[in-house]
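The values are calculated or read from the model by the stated rules, or taken from the named source; none is laboratory data. As the structure is a prediction and not an experimental result, all values here were calculated from the model. Cβ atoms come from the backbone with ideal geometry, glycine included; neighbour counts cover every protein chain shown.
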Amino acid sequence: MIILHILRLVRATAPRIVVLENVGGLLTTHREFFDAVLSMLRETRWSWLPGQRYVIEWRQLDTKKFNIPHSRPRVWIVAVRADSLQHALVWPRAKAPCHTIDALLDGTRPSRAVLASALPPASSSNARLNVINGLRRVRDRGCDPLEVTHIMEIDNSAHGESFSSSIMRGCSPCITRRRAQCGGHWVSTRGRRLSTAEMLRLQGMRPARFVVPPSVPTPAFHGMVGNSMSVNIIEVLLAMLSRACPAVLGATPLPDRWSATSP
């Protein structure tokens, strides 16, 4: 497992700050593994740094709570070497209101006539059926999916019990590696899947900064986006760490654009 290699590197190099991220399932089905990782970090010692240890804290943070409409709850572990921690870690607070999903989408909204017939190709029968059923379920809730943006995860089982929970109004369900590789979620007011640029924005990234080599297939790049950390969460954690560890990250705290936490 990659975490064992990370912990081996931590023991060998004694970094002042370690930040780890993983899925929310660490707190439920994988709790024993999560507790073991915390214990290994707490027990880490270095012969050339007598008396030093890590101060460990963790939180579950959701991308959508920090100004980007993407439902992505992840467990974040922060380990700071005791000799580098000058102030308490003050975890970021959620910020409202969130960006609207429409502000992050490309292009203009097609006409209702175009949207009414927009579906995945017949060759993608499972996704096609999921879109048909998803649009119907949104209408059954009393909302017009062609007027109000809903993002749908459409590459699961067409008859799965959990499908209704993967349709979100004004927010994207979690963009994972597998779902992104399949093509991304469906956008009800665009009649298509999320574009590459939209996936990047929903991870807090700037599409203009990316140049994808021709040798990298689009599905592979989408998988990388789905497997990445949300940049807005990384930013708020770096801002938190800059306040707690000025000797490491500089006397002036890093800017915090995404949370409601006071400097």
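Take the stretch 89-119 and flag every residue that is of a type outside the set (Ser, Thr, Tyr) and over 23 Å from residue 62 (Cβ atoms). Full working, then the answer.
The initial filter retains those residues of the stretch 89-119 that are of a type outside the set (Ser, Thr, Tyr), namely 89-99, 101-107, 109-110, 112-116, 118-119.
Passing the criteria: 106, 107, 109, 110, 112, 113, 114, 115, 116, 118, 119.
Can you tell me which residue within the stretch 84-125, out of those that are assigned to a helix (DSSP H, G or I) and without any contact (Cβ under 8 Å) to a residue 40 or more places away in the chain, is farthest from residue 149 (Cα to Cα)? Let's see the steps before the verdict.
Our first condition is that a residue be assigned to a helix (DSSP H, G or I); within the stretch 84-125, this holds for 84, 101-104, 112-116, 125.
Of the ones still in play, those that are also without any contact (Cβ under 8 Å) to a residue 40 or more places away in the chain are 103, 112-113, 116, 125.
On the way: 103: 11, 112: 13, 113: 16, 116: 14, 125: 23 Å.
Ranking the candidates gives 125 first.
Given the conditions (1) modelled with pLDDT of 95 or more; (2) charged (D, E, K, R); (3) more than 15 Å from the chain's Cα centre (by Cα), report the number of the one that residue 161 does not fulfil.
Here residue 161 clears every test but (1).
Considering only the stretch 8-36, state which residues are within 22 Å of residue 230 (Cα to Cα), in contact (Cβ under 8 Å) with a residue 12 or more places away in the chain and in a helix (DSSP H, G or I).
Within the stretch 8-36, 24, 26, 27, 34 qualify.
Looking for whichever is over 25 Å from residue 104 (Cα atoms), among the basic types (Lys, Arg) and part of a loop (DSSP other than H, G, I, E, B) here; the options are 45, 59. Which one fits?
Result of the check over 45, 59: 45.
Considering only residues of the stretch 58-76 that are touching a Leu at 6+ places or on another chain (Cβ under 8 Å) and surrounded by fewer than 16 Cβ atoms within 10 Å (Cβ to Cβ), which is nearest to residue 4 (Cα to Cα)?
60
Please tell me if residue 134 is loosely packed, with under 12 Cβ neighbours inside 10 Å, under 20 Å from residue 202 (Cβ atoms) and either in the same structural domain as residue 242 (by TED's automatic domain parsing) or out of contact with any Asp or Glu (no Cβ under 6 Å at 6 or more places or on another chain) (or both).
Answer is no for this residue.
Listed here are the residues, each with its yes/no results for (1) within 24 Å of residue 69 (Cα to Cα); (2) surrounded by 21 or more Cβ atoms within 10 Å (Cβ to Cβ); (3) in the same structural domain as residue 73 (by TED's automatic domain parsing).
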{"site": "198", "(1), (2), (3)": "yes, yes, no"}
{"site": "241", "(1), (2), (3)": "no, yes, yes"}
{"site": "254", "(1), (2), (3)": "yes, no, no"}
{"site": "258", "(1), (2), (3)": "yes, yes, no"}
